[in-house]
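Okay, structure first, notes after.
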Amino acid sequence: MGREIQTRQGEFETVLMRRFHLTPGQPEYVFVKRRMIREDARERFKKGAATPRGDKSEYSDKQKRQAEHIEQGYEERAVPEQEAEKRAWATVNKMTGGGKRSGSGRGKPVNKAPARKGGKRGGAASAARTAASRSASARRAAKTRARNSTA
């Protein structure tokens, strides 16, 4: 290949690479990438054109409901409220690939593995216990249930 040249079109520039060893029929320049002009990118960032962190406006109603349900599940397991919210949104992002409101990521399959992972991780401590220990615990639980049902 050869050296790069940039052509500006508004706030974007196209980077082309010039070929020196040409065969008949090959174009002299080949497209490499299109990027935002650095000065414009800095100005845009300063103005705050990027979506602020924590802004949930790009998420669909379904994603918001999913995050709410996941958060409730964490809170039931005594996870602090802020940590539960962080984990819930991280799970939704991992499953759906981020906000889907304005068409971004629509039509892509939902990956349910992150939601299943929590359930699979739980129970490891119980599985590590001996059968006698689990059985004794189950007998105590049955006695407690019987006592509470009569009261």
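Taking label points 7 Å from Cα along the Cα-to-Cβ direction, Val110 and Ala90 give a separation of 2.1 nm. Computing Rg and the Kirkwood Rh from the Cα coordinates of the stretch 55-101 gives a ratio, Rg/Rh, of 0.98.
None of the figures in this text is laboratory data; all of them are computed from the coordinates on show. Just so you know, these numbers come straight off a predicted model, no measurement behind them. Heads up, the Cβs are rebuilt from the backbone with ideal geometry, glycines too, and the neighbour counts pull from every protein chain shown.
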